[in-house]
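Before I ask anything, here is the structure I am working with.
The values are calculated or read from the model by the stated rules, or taken from the named source; none is laboratory data. Just so it is clear, the model here is predicted, and its values are computed rather than measured. All Cβ positions, glycine included, derive from the backbone under ideal geometry; neighbour counts span all protein chains shown. Calculation scope for accessible area: heavy atoms of the full protein, side chains included, ligands and nucleic acids excluded. Shrake-Rupley method; radii C 1.70, N 1.55, O 1.52, S 1.80 Å.
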Amino acid sequence: MLSNQILHKTVQDIKRITGLDCAVWDMQGICLVMTCEKMIKFEEKAAAFGRGPERVQEQLETQEGYFLISDEDEPMYVLGIMGQTSDIAMTGRMAVSQLSNLLFAYKEKMDKNRFIQNLLLDNLLLVDVYNQAKKMKIPTELKRIVYVIEAKTEGDTLIMETLRGLYATGTRDFVTAVDERHIILVKALECTEGWREVQHTAKVITDTLNMEAMVSVRVAYGTIVDELGEVSRSYKEAELALEVGRVFYVEKNILEYNRLGIGRLIHQLPESLCKMFLREVFDGEAAELFEEEELTTVYTFFDNNLNISETSRQLYVHRNTLVYRLEKIQKKTGLDVRVFDDALTFKIAMMVADHMKYMKA
């Protein structure tokens, strides 16, 4: 089915070129678009024409005509035209050809979209991947990478439209979605392009969507693959990067599968081992031990490489106040975060605690 926007533009173009008013009804007799309110009076005739048992392709009357628009012999719309009889036949047949071609193009686009979705979800046998790609003229041996875009706020429709305007213009790049939360870009790369260009594309996506669509997003990407059949692997890697980033790297807008750091290891730990480690370090739930001020202090301290002077300057507190806060943490946990080993233990324990919160949620 064509969108009302496409139908509206088509009938407006018909009127602009020929000067004839026209309207389009669906097969239930519901008017979808019209160029003139006078077309309302033809609604019953259009419905009767569409329900005709003989499936007549066109019906010409004095100053009006009706035309059937089909998709592979399946009736889809009824086109009605009002004007001089001599002009109606030619205009109607041209309009039917135009709308039929739009239906074909739309279906071809949807077939490609469905193919890419099944490819990402591993729903196709390898032989089917290459057979269908050949029919759709999609290159199989081409460097590609998969980006997964997640909106931090509402605006998925704008993301899809913006990305399709940027990338989905041929048979190399594809923009699709397999769930309601994420938009997926399968991006083709030139032979000479590498990680620098991949990172640059991710930055272009975040900046463009922020400026043009006014949507804040998080972008994750997998590894570069050389075969169409390996695209699903890159997609799974990007999904994992997004999930790890959601837990451990909330402040990052761009996440790379190859640079997930210690977050990747903690994400794979079983729940029983996480609980054991938290009991060992904090003797219970980390969230119940610390106030927001204490956590802000210690994280800023870590960001400044355990430098007390720089941390106190950034927090706008006296050096002695900072030392007092760090000593409070030491009394609660037995860890002196001014010492590297204890700071490392504390950092890992807090990441494990975040992982446990995510698993419970």
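Given Cα positions, please report Rg to Rh for the chain, the hydrodynamic radius being the Kirkwood one.
On the way: Rg = 30.1 Å, Rh = 25.4 Å.
Using only Cα positions, Rg/Rh for the chain is 1.19.
The range 286-361: which chymotrypsin sites (Phe, Trp or Tyr not before Pro) are DSSP loop and have at most 13 other beta-carbon atoms within 10 angstrom? Provide the component values of the computation, followed by the final result.
Details: sites: Phe290, Tyr299, Phe301, Phe302, Tyr316, Tyr324, Phe340, Phe346, Tyr358; in loops: Phe290, Tyr316.
Listed in order of number, the matching sites are Tyr316.
Share of Cα-Cα pairs in the range 1-151 beyond 25 Å, in percent? Could you put the intermediate results ahead of the total?
Working: 4727 of 11325 pairs.
Across the range 1-151, Cα pairs with separations above 25 Å total 42 percent.
While we're on this one: Solvent-accessible area per residue for the chain at a 1.4 Å probe radius, Å²? Write down the numbers at each step before the final one.
Numbers: 20010 Å² over 361 residues.
About 55 Å² of surface per residue is accessible.
How much of the accessible area of the range 1-150, in percent, comes from carbon and sulfur atoms when a 1.4 Å probe is used?
Working: 4420 of 8520 Å².
Roughly 52 percent of what the probe reaches on the range 1-150 is carbon or sulfur.
For the range 70-153, which trypsin sites (Lys or Arg not before Pro) pass both filters: DSSP loop (anything but H, G, I, E, B) and at most 13 other C-beta atoms within 10 Å?
When the trypsin sites (Lys or Arg not before Pro) of the range 70-153 are filtered for loop state and at most 13 Cβ neighbours within 10 Å, Lys137, Lys152 remain.
Further question: With viscosity set to 0.890 mPa s and temperature to 25 °C, compute the Stokes-Einstein D of the range 79-121, Rh being the Kirkwood radius across alpha carbon pairs; µm²/s, no decimals. Display every interim value, and only then the final one.
Numbers: Rh = 12.6 Å.
It comes out at roughly 196 µm²/s.
What fraction, in whole percent, of alpha-carbon pairs in the range 189-232 exceed 12 Å separation? Intermediate results must be reported in sequence, preceding the final value.
Details: 626 of 946 pairs.
So the portion of pairs separated by more than 12 Å is 66 percent.
Just the projected area, averaged over all directions, of the convex hull on the alpha carbon atoms of the range 118-203: how many nm²?
Numbers: hull surface 25.2 nm².
The Cα convex hull of the range 118-203, projected and averaged over all directions, gives 6.3 nm².
What pairs in Lys187/Lys275; Lys38/Lys112; Lys9/Lys112; Lys236/Lys360; Lys236/Lys332 have C-alpha atoms more than 32 Å from each other?
Numbers: Lys187/Lys275 40 Å; Lys38/Lys112 40 Å; Lys9/Lys112 24 Å; Lys236/Lys360 22 Å; Lys236/Lys332 40 Å.
Pairs exceeding the cut-off: Lys187/Lys275; Lys38/Lys112; Lys236/Lys332.
Which residues' amide hydrogens lie under 5 Å from the amide hydrogen of Ser70, considering only partners 5 or more residues apart or on another chain, with H built in the peptide plane?
Amide H to amide H, under 5 Å and 5 or more residues apart or across chains, Ser70 pairs with Met76.
Let me ask something else about it. Please give me, ordered by residue number, the trypsin sites (Lys or Arg not before Pro) of the range 11-63 that lie in loop per DSSP and have at most 16 other Cβ atoms within 10 Å. Walk me through the intermediate numbers first.
Values: sites: Lys15, Arg16, Lys38, Lys41, Lys45, Arg51, Arg55; in loops: Arg51, Arg55.
Counting only loop positions with at most 16 other Cβ atoms within 10 Å, the trypsin sites (Lys or Arg not before Pro) in the range 11-63 are Arg51, Arg55.
Right, another one. For the range 226-345, what does the equivalent ellipsoid look like in terms of its semi-axes, each the square root of 5 times an eigenvalue of the Cα gyration tensor, given largest first in whole Å?
On the way: eigenvalues 231, 72, 23 Å².
Output for the range 226-345: semi-axes of 34, 19, 11 Å.
So, R0 is 45 Å and r is the distance between the beta-carbons of Leu121 and Phe302; what FRET efficiency does that work out to, to 0.05? Mind dumping the intermediate values first?
Working: r = 39 Å, r/R0 = 0.87.
Efficiency, from the Cβ-Cβ distance: 0.70.
About its Cα centre, what dipole magnitude does the range 1-155 give when the only charges are +1 on Lys and Arg Cβ and -1 on Asp and Glu Cβ, stated in debye to the nearest 20?
On the way: 19 positive and 22 negative charges, 127 e Å.
Approximately 600 debye in magnitude.
On to the next question. May I ask for the Rg/Rh ratio of the range 159-264, computed from Cα atoms with Rh as the Kirkwood radius, given to two decimals?
Values: Rg = 13.4 Å, Rh = 14.3 Å.
That ratio equals 0.93.
For q values of 0.12 Å⁻¹, compute log₁₀ I(q)/I(0) with the Debye formula on a Cα-only model of the range 1-63, without solvent.
Here log10 of I(q) over I(0) equals -0.31.
Now, a different point. Give the percent of DSSP beta bridges with both residues in the chain that are antiparallel, rounded to the nearest 5.
Numbers: 38 of 41 bridges.
In the chain, DSSP labels about 95 percent of beta bridges as antiparallel.
Just from its helices, what would the mean residue ellipticity at 222 nm be for the chain, if runs of 4 or more DSSP H residues each count -39500 (n - 2.57) and the sum is divided by every residue, rounded to the nearest 500 deg cm²/dmol?
Values: 13 runs with 189 residues, N = 361.
Rounded to the nearest 500, the figure is -17000 deg cm²/dmol.
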